[in-house]
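K.L.:
Below you'll find the structure I mean.
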Amino acid sequence: DKVGVFRHELGHVIGARHEQIRSEAPLACQGEDVTGTLNITPYDPKSVMHYFCGGMGSIKLEITDVDRNGMQAVYGAPKN
């Protein structure tokens, strides 16, 4: 899903890391360096930032409520 990949890449632009690197993710998905990461929200297996691996993630890469809550915790709620 090209739009989903675009959403995922925009997540990187605003500072989000891959969700599947967290300890709660399936072992098959882990392996990236977690140095400097900060968990703002609970683990979200459907996050736009989660690869489709280990039976988790979504090929649509949609933004979840947990994703929204995390970004609002960092950047604040929308003004409108």
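K.L.:
Pairing the Cα long axis of helix 2-13 with the longest principal axis of the chain, what angle in degrees results, from 0 to 90 and rounded to the nearest 10?
P.N.:
Approximately 80 degrees, to the nearest ten.
K.L.:
Calculate for the chain the 222 nm mean residue ellipticity that helices alone would give, adding -39,500 (n - 2.57) per DSSP H run of length 4 or more and normalising by residue count, nearest 500 deg cm²/dmol.
P.N.:
Only helices count here, giving -9000 deg cm²/dmol.
K.L.:
Contact order normalised by length for the chain, with contacts defined as Cα pairs under 8 Å and 6 or more residues apart; what percent is it?
P.N.:
30 percent
K.L.:
Counting only C-alpha contacts under 8 Å and six or more residues apart, can you give the relative contact order of region 18-59 as a whole percent?
P.N.:
Over region 18-59, the number comes to 41 percent.
K.L.:
Roughly how many Å² is the accessible area per residue of the chain, as a whole number, for a 1.4 Å probe?
P.N.:
With all protein chains present, the chain gives 68 Å² per residue.
K.L.:
Now for a separate question. Per the Debye formula with a single identical scatterer at each Cα and no solvent contribution, what log10 I(q)/I(0) holds for the chain at q = 0.18 Å⁻¹?
P.N.:
Scattering profile of the chain, log10 relative to I(0): -0.71.
K.L.:
What is the percent carbon and sulfur in the accessible area of the chain, measuring with a 1.4 Å probe over the protein chains and ignoring ligands? Before the final figure, lay out each step's value.
P.N.:
Details: 3240 of 5470 Å².
With neighbouring chains kept in place, the figure for the chain is 59 percent.
The values are calculated or read from the model by the stated rules, or taken from the named source; none is laboratory data. Please read these numbers as outputs of a predicted model, since none were measured by experiment. Ligands, DNA and RNA are stripped out before the accessible areas are found, and what is left, the full protein with its side chains, is counted by its heavy atoms. Shrake-Rupley method; radii C 1.70, N 1.55, O 1.52, S 1.80 Å.
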